[in-house]
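A short worksheet on the structure shown next.
The values are calculated or read from the model by the stated rules, or taken from the named source; none is laboratory data. Owing to the predicted nature of the structure, the values given are computational and were not obtained by experimental measurement. In this analysis, Cβ positions are derived from the backbone assuming ideal geometry, glycine residues included, and neighbour counts consider all displayed protein chains.
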Ligand code: 3Y8
Ligand code: NAP
């Protein structure tokens, strides 16, 4: 039994999927199904919630999972809590592949806040770029500022009354985010402290334009073993998941 469940949805998860496929490991890539057309993966893919921690336990049992790799986004706290619980119930090895949080660089003007409600109270100026997706916009309702959103998929209905939006999927480039901030005369950027490179362009662009960034700290996730790179994760897998059968579901 050597099947790996890879909880994905990030740049690092895609890199690890490639390494696992190249090594001929028996692994399944799991998406939540949060966007219309997620990136294709070089592994068998399953999409959609498991039905809570209990559902994940059942899925792992039914599919003879030998280890769980949680390579989800640092703000995807619920799935990470579920993975911790499922691994404990099943006595499975669990590793989080989680990139380090961004640290402010010389020239950065960050206002660090604990959550989106605090972010909504910390805005500067009257034209704000809310580069946080669509999942946590409720905290920004009823504000006087002009809000610009960035969404992965075109919304069926306006996600926030009065807000403007662009539809784009990362990873983003610095020159594009520079142009976006300039064209929209942005006075302040709101960002999750996502880490990694895919979402960093706006942070570097804000620094270049001397704009403040309201930086939202990560939610708390139960302690678990963490690797910061796909290479470290492959080393952990080699030590904890003996390789035998071919992959497939
Ligand atoms: C569904 C599936 C890869 C992965 C690419 C990374 C980088 C580009 C930057 C901005 C910030 C944001 C958002 C973002 C980035 C990567 C990575 C990352 C931020 C896709 C993907 C899925 C999602 C879900 C989506 C959320 C949203 C968050 C947009 C794929 C493209 C804001 C996070 O419309 C929705 O419901 C979108 C939901 C969760 C946060 C939110 O609350 O809205 N990601 N993003 C995954 C699934 O179904 O399991 O890969 O195509 C993946 C990526 N998005 O393989 O290259 O690694 O983080 N994703 C944030 O960081 O703030 C955009 O606009 O500057
Ligand atoms: P979340 O709040 O932690 O999860 C909410 C529910 O979505 C989970 O309880 C689970 O449903 C389901 N789910 C989440 N990730 C899943 C996965 N990889 N496979 C199967 N089911 C999953 O997660 P989220 O913040 O909505 O993020 C959803 C996905 O987008 C994740 O894969 C994450 O890596 C990716 N993503 C998120 C962000 C972000 O800012 N949050 C950024 C980039 C990418 P059940 O309880 O029914 O199992």
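A few points about this structure:
- Within region 148-190, tally of residues that are touching a helix residue (DSSP H, G or I) at 6+ places or on another chain (Cβ under 6 Å) and over 22 Å from residue 37 (Cβ atoms): 7
- Count of region 135-151 residues which are assigned to a loop (DSSP other than H, G, I, E, B) and crowded, with 16+ Cβ neighbours inside 10 Å: 3
- Sole residue being within 11 Å of ligand 1 (Cβ to nearest atom) and out of contact with any helix residue (DSSP H, G or I) (no Cβ under 7 Å at 6 or more places or on another chain), chosen from 14, 21: 14
- For region 99-110, the condition holds for no residue, the condition being that it is surrounded by 21 or more Cβ atoms within 10 Å (Cβ to Cβ) and either more than 7 Å from ligand 2 (Cβ to nearest atom) or under 21 Å from the mean Cα position of the chain (by Cα) (or both).
- Of all the numbered requirements in (1) away from ligand 2 (no atom under 16 Å from the Cβ); (2) buried (at least 18 other Cβ atoms within 10 Å of the Cβ), residue 132 misses one, and that requirement is (1).
- The set of residues in region 162-186 that are exposed (fewer than 15 other Cβ atoms within 10 Å of the Cβ), over 21 Å from the mean Cα position of the chain (by Cα) and either assigned to a loop (DSSP other than H, G, I, E, B) or in contact (Cβ under 8 Å) with a residue 60 or more places away in the chain (or both) comprises 162, 185.
- Flag for residue 27 being surrounded by 15 or more Cβ atoms within 10 Å (Cβ to Cβ) and modelled with pLDDT of 95 or more: yes
- The residue of region 60-77 that is nearest to the chain's Cα centre (by Cα), among those that are farther than 16 Å from residue 43 by Cα and away from ligand 2 (no atom under 13 Å from the Cβ), is 66.
- Condition met for residue 40 (more than 6 Å from ligand 2 (Cβ to nearest atom), more than 16 Å from residue 230 (Cα to Cα), over 16 Å from the mean Cα position of the chain (by Cα) and surrounded by fewer than 23 Cβ atoms within 10 Å (Cβ to Cβ)): yes
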